[in-house]
Each structure stands twice: as structure tokens, then as C-alpha cells.
Amino acid sequence: MTDISIQTIGKFVSIWGEGPIWWGDSLLYVDINGHKLVKLNPDSGEEQVWDMGERIGTVVPTEGEDFMYAGDTGFVRFNPATGAKQNLGDPEAALRESNRFNDGKCDPAGRFWAGTISLVRETGTANLYCLDTDGSLELKVPDVTNSNGICWSADSKTMYYIDTPTLQVRAYDFDQESGAISNARVAVDTQAAGYESVPDGMTIDAEDKLWIAFCHGACVVRFDPDSGEILRHIDLPCLETTACAFGGPELDRLFVTTGIHKTIEEADAGKVFVIDGLGVKGVPAFAYKG
């Protein structure tokens, strides 16, 4: 097993960092509670920070210069050069006091999947949605509570998805042409694997293994989704590890976003950590093609 190094990068400190994704030469991520969208170039150290005026749970690139995000006002296209916003759908406008959008990513066909979280922890009142490339919006998984990590296998035939309070990663058969999902099953049971903290953001590597950040757990863990086996556990010096993504020119660096604990003071809480020397690579991110 290779030796690893762990360090923080960037100067920005999030209240609750989330949703990292590598695009071009930079890491995009959000500070949900700080209402910020952040673009960080690890090589130059340049950071761009946009105040979005609302909580945004996740951000994805488009094929152009715009970004897409899911936030308090639903699915939004954002032009970082002008600040212009275009709302493309707000399926839970009536639930704004109790729900907000949380994690999400684009599938291999360029659809934007994002789900909601019940802020009042009411079981089964949140949902997972998909914004198709033609602008149509579809409910994909109802009756969830805290919609979180989502990713797809290399052959695009399997979608993996976390509803955090279930303490599980579910696998679905995925039809890339239509975006249909079926045959839900448990791929990883994190509680059975011995974790008392909860699974949050997730990414997949080039070997089709899952990497999960554990909220309140101070760690990221690599799992085999076929067996549910723990393949690697990496501790980090920050309790609220929220999400992870591979990046860098070779996609061999694992970036981990973090949040600030409500009562415990930690030196690097809210920073982005980067883990080097893992000996495994990620896969390129997908952009929204609408």
C-alpha cells in the first residue's frame, strides 16, 4: 500500500463545504451555509468566490462557460462572468421552509441529478430529481430523507446513490439512453461495515470502487460495491468530512471538503483537504449538456 500525504489547500474556509467536482484545471465546490460557489486552482492557488445569495447544495459544469447548481430556488444556470441566473425548475418551492437541495451530479449522458434534504428531519419527505438535457424535470426517487452522494459505473449501467439516514449505498440498474433506473438494491451497508458516522458525499474511481466521506466521521473510505467490503480507510483531522472528488491533471488526487462542527473547534475545519499518493485514479466528471 502506498504512502499518502494529507494537506489543506486554498485559503477559503467554508461553513459547510460540499459538492467538489474537478473541471478543467480547477476544483469547483460549494459552501452551503455560506451561500458561496468556489473555484480553486491548486497549482496557482487562485481562488474565485461567488456569493450566490442562497444555499446551494451542489454545482456542476456545463459544456460552455456557465455552471449549473441546485439550491434554495431549485435548478439554476449561472453565468460566472455576468452573474446572470436562469431558473430551470423548482420542484419543491412549496417546501422551502422544510427542505432544501443537497448533493447531485451529472450522469454520463449529461443529465443533472440532484436531491433534497429534510431540514426538519422528517423521514421520507425529500426526493431525488433529474433535470434532462431538454429541460424536462422528473422525480426519480421519492420518499428519501437526506439525498446525498451519487455516481455511475464506468460502463454506465449502474447508478450508486446514498440516502444518508439509511446508512446504505443503493445500486440501481441505469439506462443511459433514457435515464431510467430500476432494480434498487443495497451495494454497501456502512453500519454493517462498522461505521457509526453517516455516509455523505461519494465518488467513484477508475476501478469502479466507491469512495465515501463520512459526516461526523473524520474519514474517507473506499468500498467494493460488489461485495460491500472495506478496501481502505483514511482518517482526516477534521470531524465533518462531507464529500470527495478525484482531480488534478492525472485525476490521482483526492479532494475532500469539510464543514465546521457546531461545538468542537478544529484548526482546519472548513478547509479543503487533498490526499496524494493513493495509487488510484478517478474518472472525468460529466457536464450538463442542456
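Couple of notes before you dig in:
- Residue match in the range 20-33 (condition: assigned to a strand (DSSP E or B), in contact with an Asp or Glu (Cβ under 6 Å, 6 or more places away or on another chain) and not charged (D, E, K, R)): yes
- Selection status of Gly45, surrounded by fewer than 23 Cβ atoms within 10 Å (Cβ to Cβ), part of a loop (DSSP other than H, G, I, E, B), in contact with a Gly (Cβ under 9 Å, 6 or more places away or on another chain) and at pLDDT below 95: yes
- Considering the conditions (1) of a type in the set (Lys, Arg); (2) surrounded by 13 or more Cβ atoms within 10 Å (Cβ to Cβ); (3) within 22 Å of Ala267 (Cα to Cα), Arg77 is excluded by exactly one of them, (3).
- Leu88 surrounded by 15 or more Cβ atoms within 10 Å (Cβ to Cβ), touching a Leu at 6+ places or on another chain (Cβ under 9 Å) and over 17 Å from Gly19 (Cβ atoms): yes
- Qualifying residue in the range 97-104 (condition: within 18 Å of Phe67 (Cα to Cα), charged (D, E, K, R), surrounded by 13 or more Cβ atoms within 10 Å (Cβ to Cβ) and under 15 Å from the mean Cα position of the chain (by Cα)): yes
- In the range 197-236, the residues that are in contact with a Phe, Trp or Tyr (Cβ under 9 Å, 6 or more places away or on another chain), among the charged types (D, E, K, R) and not in a strand (DSSP E or B): Lys209, Glu229
Every residue, every condition in (1) farther than 30 Å from Leu119 by Cβ; (2) surrounded by fewer than 19 Cβ atoms within 10 Å (Cβ to Cβ); (3) not small (Gly, Ala, Ser), yes or no:
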residue	(1), (2), (3)
Ala184	no, yes, no
Arg232	yes, yes, yes
Ala245	no, no, no
Arg253	yes, no, yes
Thr257	no, no, yes
Glu265	no, yes, yes
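- Within the range 218-230, the set of residues being surrounded by 15 or more Cβ atoms within 10 Å (Cβ to Cβ), farther than 21 Å from Ile9 by Cβ and not charged (D, E, K, R) comprises Val221, Phe223, Pro225, Gly228, Ile230.
- The one condition in (1) charged (D, E, K, R); (2) assigned to a strand (DSSP E or B); (3) modelled with pLDDT under 95 that Asp103 fails to fulfil: (3)
- Selected residue (only one of Leu278, Leu239, Leu251 is on the phi > 0 side of the Ramachandran plot, modelled with pLDDT of 95 or more and not in a strand (DSSP E or B)): Leu251
- The lone criterion from (1) within 24 Å of Asp235 (Cα to Cα); (2) free of Cβ contacts under 8 Å to residues at least 60 places away in the same chain left unmet by Ala114 is number (1).
- Of Arg170, Arg185, all but one fail to be over 23 Å from Gly17 (Cα atoms), without any contact (Cβ under 8 Å) to a residue 40 or more places away in the chain and under 16 Å from the mean Cα position of the chain (by Cα); the exception is Arg170.
- Scanning the range 50-81 for residues that are assigned to a loop (DSSP other than H, G, I, E, B) and under 15 Å from the mean Cα position of the chain (by Cα) returns a single hit, Arg55.
- On the stretch given as the range 127-163, residues that are outside any loop (DSSP other than H, G, I, E, B) and either farther than 16 Å from Ala184 by Cβ or touching a helix residue (DSSP H, G or I) at 6+ places or on another chain (Cβ under 6 Å) (or both) total 6.
- Lone qualifier among Ala70, Ala81, Ala126 - being touching a residue at least 24 places away in the same chain (Cβ under 8 Å) and within 23 Å of Ala285 (Cα to Cα): Ala70
The values are calculated or read from the model by the stated rules, or taken from the named source; none is laboratory data. All of these numbers come straight from a predicted model, not from anything done at the bench. All Cβ positions, glycine included, derive from the backbone under ideal geometry; neighbour counts span all protein chains shown.
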